[in-house]
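Below is one structure, written out as C-alpha coordinates; the observations come after it.
The values are calculated or read from the model by the stated rules, or taken from the named source; none is laboratory data. Owing to the predicted nature of the structure, the values given are computational and were not obtained by experimental measurement. Here the Cβ is made from the backbone with ideal geometry for all residues, glycine too, and neighbour counts use every protein chain on show.
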Amino acid sequence: MDEQIFRLSPAGSPRATILFVPPLFEEANRTRRTLVLAMRALAGAGFAALLPDLPGQNESLVPLVEVDLERWSDALADSVHGIDGPLIVASLRGGALIDHRARAAAWWRLAPASGASLLRTLLRARVSADREAGITSSIEGLQAAAQTEALLLAGNRLSSAMIAGLAQAETRDVAPLRTVALGSGEGKIAGTPLWLRAEPGEDTAMARAIADDIIGWSRTCGAI
Amino acid sequence: MTDTVDANLRAMLADVLGLGEDRAAALTADSGLFGELPEFDSMAVATVLTEMEDRLDILIDDDDVDGEIFETYGNLLEFAERKVRG
(Lines give C-alpha, C1' and ligand atoms only; values in the text may rest on other atoms or scores of the structure.)
Protein backbone atom coordinates (compact mmCIF):
# COMPACT_ATOMS: atom_id res chain seq x y z
CA MET A 1 0.00 0.00 0.00
CA ASP A 2 1.32 3.44 -0.85
CA GLU A 3 1.88 5.76 2.05
CA GLN A 4 1.47 9.49 2.12
CA ILE A 5 4.66 11.47 1.55
CA PHE A 6 4.75 15.10 2.61
CA ARG A 7 6.84 16.93 0.04
CA LEU A 8 8.16 20.48 -0.23
CA SER A 9 9.70 21.42 -3.55
CA PRO A 10 11.89 24.38 -4.43
CA ALA A 11 11.13 26.75 -7.30
CA GLY A 12 12.93 25.16 -10.24
CA SER A 13 14.70 21.83 -10.32
CA PRO A 14 16.11 20.71 -6.96
CA ARG A 15 19.85 20.71 -6.22
CA ALA A 16 19.28 17.46 -4.33
CA THR A 17 16.51 15.65 -2.50
CA ILE A 18 16.53 15.24 1.28
CA LEU A 19 14.50 12.29 2.55
CA PHE A 20 13.72 12.69 6.24
CA VAL A 21 13.24 9.56 8.32
CA PRO A 22 11.30 10.67 11.39
CA PRO A 23 11.85 9.40 14.92
CA LEU A 24 9.66 6.42 15.90
CA PHE A 25 6.35 6.31 17.75
CA GLU A 26 5.44 9.31 19.91
CA GLU A 27 8.80 10.95 19.27
CA ALA A 28 7.70 11.52 15.67
CA ASN A 29 4.76 13.67 16.76
CA ARG A 30 6.92 15.72 19.08
CA THR A 31 9.41 16.59 16.36
CA ARG A 32 7.21 16.80 13.27
CA ARG A 33 6.58 20.53 13.30
CA THR A 34 10.25 21.41 13.71
CA LEU A 35 11.18 18.91 11.00
CA VAL A 36 8.72 20.54 8.62
CA LEU A 37 10.21 23.96 9.44
CA ALA A 38 13.61 22.52 8.49
CA MET A 39 12.08 21.18 5.26
CA ARG A 40 10.76 24.66 4.43
CA ALA A 41 14.24 26.11 4.98
CA LEU A 42 15.71 23.44 2.69
CA ALA A 43 13.13 24.11 -0.02
CA GLY A 44 13.98 27.81 0.24
CA ALA A 45 17.62 26.91 -0.38
CA GLY A 46 16.82 24.91 -3.54
CA PHE A 47 16.39 21.40 -2.13
CA ALA A 48 13.41 19.08 -2.39
CA ALA A 49 12.46 17.73 1.06
CA LEU A 50 10.39 14.59 1.65
CA LEU A 51 8.84 13.26 4.85
CA PRO A 52 7.21 9.86 4.26
CA ASP A 53 4.73 8.20 6.60
CA LEU A 54 6.09 4.89 7.82
CA PRO A 55 3.51 2.08 7.53
CA GLY A 56 1.50 2.08 10.74
CA GLN A 57 2.53 5.61 11.70
CA ASN A 58 0.96 9.05 11.29
CA GLU A 59 -1.82 8.82 8.65
CA SER A 60 -1.00 5.31 7.41
CA LEU A 61 -3.94 2.91 7.09
CA VAL A 62 -1.75 -0.06 8.00
CA PRO A 63 -2.28 -1.35 11.56
CA LEU A 64 0.91 -0.72 13.54
CA VAL A 65 0.83 -4.27 14.93
CA GLU A 66 1.44 -5.60 11.39
CA VAL A 67 4.79 -3.89 10.89
CA ASP A 68 8.31 -4.30 12.20
CA LEU A 69 11.70 -2.66 11.61
CA GLU A 70 12.38 -4.81 8.52
CA ARG A 71 9.18 -3.64 6.87
CA TRP A 72 9.98 -0.02 7.71
CA SER A 73 13.47 -0.35 6.20
CA ASP A 74 11.95 -1.86 3.04
CA ALA A 75 9.26 0.81 2.84
CA LEU A 76 11.89 3.54 2.97
CA ALA A 77 13.94 1.78 0.29
CA ASP A 78 10.82 1.66 -1.91
CA SER A 79 9.98 5.30 -1.28
CA VAL A 80 13.17 6.55 -2.93
CA HIS A 81 12.61 4.74 -6.24
CA GLY A 82 12.20 7.16 -9.09
CA ILE A 83 13.80 10.13 -7.36
CA ASP A 84 15.97 11.98 -9.87
CA GLY A 85 19.26 13.50 -8.86
CA PRO A 86 21.29 13.11 -5.70
CA LEU A 87 19.50 11.88 -2.58
CA ILE A 88 20.53 12.40 1.03
CA VAL A 89 18.78 10.44 3.76
CA ALA A 90 18.42 12.47 6.98
CA SER A 91 17.22 10.52 10.00
CA LEU A 92 16.49 11.39 13.59
CA ARG A 93 16.66 9.22 16.71
CA GLY A 94 15.10 5.81 16.02
CA GLY A 95 14.77 6.72 12.35
CA ALA A 96 18.50 6.00 12.14
CA LEU A 97 17.74 2.32 12.82
CA ILE A 98 15.86 1.91 9.53
CA ASP A 99 17.59 4.34 7.14
CA HIS A 100 20.29 2.06 5.71
CA ARG A 101 18.37 0.19 3.02
CA ALA A 102 17.32 3.25 1.02
CA ARG A 103 19.91 3.84 -1.72
CA ALA A 104 21.35 7.31 -1.26
CA ALA A 105 24.39 9.43 -2.11
CA ALA A 106 24.90 10.23 1.58
CA TRP A 107 23.38 9.89 5.05
CA TRP A 108 22.92 12.35 7.92
CA ARG A 109 21.82 11.33 11.42
CA LEU A 110 20.74 13.48 14.36
CA ALA A 111 21.00 12.02 17.86
CA PRO A 112 20.59 8.37 16.78
CA ALA A 113 18.99 6.19 19.46
CA SER A 114 19.44 2.48 20.08
CA GLY A 115 16.38 0.30 19.76
CA ALA A 116 16.96 -1.06 23.25
CA SER A 117 16.75 2.42 24.75
CA LEU A 118 13.53 3.25 22.88
CA LEU A 119 11.99 -0.08 23.87
CA ARG A 120 12.98 0.37 27.51
CA THR A 121 11.16 3.71 27.65
CA LEU A 122 8.04 2.15 26.08
CA LEU A 123 8.10 -0.75 28.54
CA ARG A 124 8.60 1.64 31.45
CA ALA A 125 5.65 3.75 30.32
CA ARG A 126 3.50 0.63 30.35
CA VAL A 127 4.69 -0.36 33.84
CA SER A 128 4.09 3.19 35.07
CA ALA A 129 0.60 3.34 33.54
CA ASP A 130 -0.18 -0.11 35.00
CA ARG A 131 0.90 1.08 38.44
CA GLU A 132 -1.46 4.06 38.19
CA ALA A 133 -4.25 1.63 37.32
CA GLY A 134 -3.41 -0.56 40.32
CA ILE A 135 -1.96 -3.36 38.17
CA THR A 136 1.42 -4.83 39.05
CA SER A 137 3.61 -5.47 36.01
CA SER A 138 7.34 -5.60 35.38
CA ILE A 139 9.67 -5.03 32.46
CA GLU A 140 10.87 -8.64 32.65
CA GLY A 141 7.30 -9.96 32.70
CA LEU A 142 6.33 -7.84 29.71
CA GLN A 143 9.43 -8.92 27.78
CA ALA A 144 8.59 -12.57 28.42
CA ALA A 145 4.99 -12.05 27.28
CA ALA A 146 6.22 -10.24 24.15
CA GLN A 147 7.82 -13.42 22.86
CA THR A 148 4.41 -14.87 22.08
CA GLU A 149 1.99 -11.96 21.91
CA ALA A 150 1.65 -8.35 20.83
CA LEU A 151 1.86 -5.75 23.61
CA LEU A 152 0.21 -2.37 24.01
CA LEU A 153 3.06 -0.03 24.97
CA ALA A 154 2.30 3.66 25.50
CA GLY A 155 -0.60 3.46 23.07
CA ASN A 156 1.34 1.48 20.45
CA ARG A 157 0.28 -2.12 19.77
CA LEU A 158 3.60 -3.74 18.86
CA SER A 159 4.08 -7.25 17.49
CA SER A 160 6.55 -9.80 18.87
CA ALA A 161 8.70 -9.20 15.79
CA MET A 162 8.75 -5.44 16.35
CA ILE A 163 9.64 -5.80 20.02
CA ALA A 164 12.35 -8.39 19.32
CA GLY A 165 13.70 -6.18 16.52
CA LEU A 166 13.84 -3.11 18.73
CA ALA A 167 15.62 -5.01 21.51
CA GLN A 168 18.46 -5.79 19.09
CA ALA A 169 18.47 -2.79 16.78
CA GLU A 170 21.56 -0.63 16.42
CA THR A 171 22.38 1.79 13.62
CA ARG A 172 23.98 0.15 10.58
CA ASP A 173 27.14 1.31 8.86
CA VAL A 174 26.47 3.53 5.86
CA ALA A 175 28.82 5.82 3.93
CA PRO A 176 29.32 8.67 3.57
CA LEU A 177 27.70 9.51 6.91
CA ARG A 178 27.63 12.58 9.13
CA THR A 179 26.28 12.07 12.66
CA VAL A 180 25.40 15.12 14.75
CA ALA A 181 24.35 15.46 18.37
CA LEU A 182 22.67 18.26 20.26
CA GLY A 183 25.03 20.77 21.84
CA SER A 184 27.46 23.46 20.76
CA GLY A 185 30.57 23.24 18.61
CA GLU A 186 31.56 21.23 15.53
CA GLY A 187 29.37 18.22 14.92
CA LYS A 188 26.64 19.62 17.14
CA ILE A 189 23.24 21.22 16.57
CA ALA A 190 22.12 23.86 19.06
CA GLY A 191 18.63 23.10 20.32
CA THR A 192 16.52 21.14 22.73
CA PRO A 193 15.66 17.43 22.54
CA LEU A 194 12.07 18.04 21.45
CA TRP A 195 11.59 14.28 21.03
CA LEU A 196 11.64 13.89 24.82
CA ARG A 197 9.09 16.60 25.48
CA ALA A 198 5.88 15.61 27.26
CA GLU A 199 4.03 18.38 25.39
CA PRO A 200 4.96 19.00 21.74
CA GLY A 201 6.99 22.14 21.19
CA GLU A 202 8.84 23.74 18.32
CA ASP A 203 12.24 25.28 17.85
CA THR A 204 12.66 27.57 14.85
CA ALA A 205 16.37 28.15 15.43
CA MET A 206 16.99 24.42 15.65
CA ALA A 207 15.05 23.84 12.41
CA ARG A 208 17.31 26.41 10.70
CA ALA A 209 20.41 24.75 12.19
CA ILE A 210 19.27 21.33 10.93
CA ALA A 211 18.74 22.70 7.41
CA ASP A 212 22.11 24.53 7.43
CA ASP A 213 23.98 21.47 8.65
CA ILE A 214 22.43 19.26 5.97
CA ILE A 215 23.17 21.85 3.27
CA GLY A 216 26.81 22.02 4.42
CA TRP A 217 27.06 18.23 4.44
CA SER A 218 25.52 17.96 0.98
CA ARG A 219 28.50 19.94 -0.31
CA THR A 220 31.34 18.39 1.72
CA CYS A 221 30.18 14.81 1.13
CA GLY A 222 30.30 15.39 -2.62
CA ALA A 223 26.61 14.59 -3.22
CA ILE A 224 26.07 17.85 -5.13
CA MET B 1 29.23 15.44 42.50
CA THR B 2 26.00 16.48 44.19
CA ASP B 3 25.92 19.79 42.32
CA THR B 4 26.48 18.02 39.01
CA VAL B 5 23.70 15.52 39.62
CA ASP B 6 21.38 18.34 40.68
CA ALA B 7 22.23 20.44 37.60
CA ASN B 8 21.91 17.42 35.32
CA LEU B 9 18.55 16.51 36.78
CA ARG B 10 17.15 20.04 36.46
CA ALA B 11 18.32 20.29 32.84
CA MET B 12 16.77 16.91 32.09
CA LEU B 13 13.41 17.83 33.65
CA ALA B 14 13.49 21.08 31.68
CA ASP B 15 13.97 19.06 28.49
CA VAL B 16 11.39 16.37 29.21
CA LEU B 17 8.69 18.53 30.77
CA GLY B 18 9.38 21.67 28.74
CA LEU B 19 9.69 23.66 31.97
CA GLY B 20 12.14 26.24 30.68
CA GLU B 21 15.26 27.16 32.62
CA ASP B 22 13.51 29.45 35.09
CA ARG B 23 10.94 26.93 36.29
CA ALA B 24 13.57 24.19 36.42
CA ALA B 25 15.90 26.41 38.46
CA ALA B 26 13.05 27.25 40.86
CA LEU B 27 12.39 23.60 41.79
CA THR B 28 12.97 22.95 45.49
CA ALA B 29 13.19 19.67 47.40
CA ASP B 30 9.49 20.03 48.23
CA SER B 31 8.33 20.78 44.67
CA GLY B 32 5.74 18.21 43.64
CA LEU B 33 6.30 16.31 40.38
CA PHE B 34 3.99 13.39 39.51
CA GLY B 35 0.40 14.39 40.20
CA GLU B 36 1.43 18.03 40.61
CA LEU B 37 2.86 18.99 37.22
CA PRO B 38 0.32 18.22 34.48
CA GLU B 39 3.15 17.45 32.04
CA PHE B 40 4.41 14.67 34.30
CA ASP B 41 2.43 11.68 33.00
CA SER B 42 3.38 8.01 32.83
CA MET B 43 5.21 8.51 29.52
CA ALA B 44 7.22 11.34 31.10
CA VAL B 45 8.09 9.08 34.04
CA ALA B 46 9.44 6.50 31.58
CA THR B 47 11.38 9.11 29.62
CA VAL B 48 12.88 10.54 32.81
CA LEU B 49 14.12 7.09 33.91
CA THR B 50 15.78 6.32 30.58
CA GLU B 51 17.31 9.81 30.32
CA MET B 52 18.66 9.55 33.88
CA GLU B 53 20.44 6.35 32.86
CA ASP B 54 21.97 8.02 29.78
CA ARG B 55 22.94 11.33 31.35
CA LEU B 56 24.13 10.12 34.75
CA ASP B 57 25.66 6.91 33.37
CA ILE B 58 23.75 4.71 35.80
CA LEU B 59 21.56 1.64 35.48
CA ILE B 60 18.15 1.72 37.08
CA ASP B 61 16.58 -1.54 38.14
CA ASP B 62 12.88 -0.94 37.72
CA ASP B 63 12.15 -3.01 40.82
CA ASP B 64 13.79 -0.17 42.78
CA VAL B 65 11.37 2.35 41.34
CA ASP B 66 8.24 3.13 43.29
CA GLY B 67 5.82 6.01 43.09
CA GLU B 68 7.47 7.90 45.94
CA ILE B 69 10.53 8.72 43.84
CA PHE B 70 8.41 10.96 41.65
CA GLU B 71 6.42 12.65 44.40
CA THR B 72 8.87 15.51 44.90
CA TYR B 73 12.00 16.88 43.30
CA GLY B 74 13.87 16.16 46.54
CA ASN B 75 12.93 12.46 46.38
CA LEU B 76 14.03 12.19 42.75
CA LEU B 77 17.35 13.92 43.49
CA GLU B 78 17.99 11.66 46.47
CA PHE B 79 17.30 8.58 44.33
CA ALA B 80 19.61 9.83 41.55
CA GLU B 81 22.43 10.62 43.96
CA ARG B 82 22.12 7.21 45.59
CA LYS B 83 22.39 5.55 42.16
CA VAL B 84 25.39 7.65 41.14
CA ARG B 85 27.19 6.69 44.36
CA GLY B 86 26.52 3.09 43.37
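A:GLY56 passes all but one of (1) touching a strand residue (DSSP E or B) at 6+ places or on another chain (Cβ under 8 Å); (2) surrounded by 21 or more Cβ atoms within 10 Å (Cβ to Cβ); (3) closer than 25 Å to A:ALA116 by Cβ; which number fails? Status for A:GLY56: all satisfied but (1). Screening the range A:137-200 for strands (runs of 3 or more DSSP E) wholly inside it with 1 or more residues that are assigned by TED's automatic domain parsing to the domain that holds A:VAL21 returns the ranges A:177-182. Against the list (1) within 21 Å of A:LEU177 (Cα to Cα); (2) part of a helix (DSSP H, G or I), the condition A:ALA116 fails is (1). Only one of the listed residues (B:GLU36, B:GLU21) is out of contact with any Asp or Glu (no Cβ under 8 Å at 6 or more places or on another chain), without any contact (Cβ under 8 Å) to a residue 24 or more places away in the chain, part of a loop (DSSP other than H, G, I, E, B) and more than 8 Å from chain A (Cβ to nearest Cβ). That residue is B:GLU36.
Quick check: anything in the range A:209-224 in contact with a strand residue (DSSP E or B) (Cβ under 8 Å, 6 or more places away or on another chain) and within 14 Å of chain B (Cβ to nearest Cβ)? Among the residues of the range A:209-224, not one is in contact with a strand residue (DSSP E or B) (Cβ under 8 Å, 6 or more places away or on another chain) and within 14 Å of chain B (Cβ to nearest Cβ), which makes the answer no. Of the residues contained in the range B:75-84, one or more are found to be away from every other protein chain (no Cβ under 13 Å), under 25 Å from A:ASP130 (Cα atoms), basic (Lys, Arg) and surrounded by fewer than 20 Cβ atoms within 10 Å (Cβ to Cβ). With respect to the conditions (1) free of Cβ contacts under 8 Å to residues at least 60 places away in the same chain; (2) within 14 Å of chain B (Cβ to nearest Cβ); (3) among the charged types (D, E, K, R), A:ASP203 falls short on a single one, namely (1).
Only one entry of A:ARG109, A:ARG120, A:ARG124 meets the criterion of being closer than 25 Å to B:ARG55 by Cβ, more than 14 Å from every other protein chain (Cβ to nearest Cβ) and surrounded by 18 or more Cβ atoms within 10 Å (Cβ to Cβ), and that entry is A:ARG109.
Of A:ALA75, A:ALA104, A:ALA49, A:ALA96, all but one fail to be part of a loop (DSSP other than H, G, I, E, B), buried (at least 20 other Cβ atoms within 10 Å of the Cβ) and out of contact with any His (no Cβ under 8 Å at 6 or more places or on another chain); the exception is A:ALA104.
Step by step: first the residues of the range A:175-200, then only those that are farther than 29 Å from A:ARG103 by Cβ, touching a residue at least 12 places away in the same chain (Cβ under 8 Å) and among the small types (Gly, Ala, Ser), then the one that is surrounded by the fewest Cβ atoms within 10 Å (Cβ to Cβ). Which residue is that? Looking at residues that are farther than 29 Å from A:ARG103 by Cβ, touching a residue at least 12 places away in the same chain (Cβ under 8 Å) and among the small types (Gly, Ala, Ser), I get A:ALA190. Residues in the range B:39-56: is at least one part of a loop (DSSP other than H, G, I, E, B) and either at pLDDT 95 or above or more than 10 Å from chain A (Cβ to nearest Cβ) (or both)? Checked the range B:39-56: no residue is part of a loop (DSSP other than H, G, I, E, B) and either at pLDDT 95 or above or more than 10 Å from chain A (Cβ to nearest Cβ) (or both). In this entry, A:ILE135 is excluded by the filter for residues that are over 30 Å from A:GLY85 (Cα atoms) and within 11 Å of chain B (Cβ to nearest Cβ).
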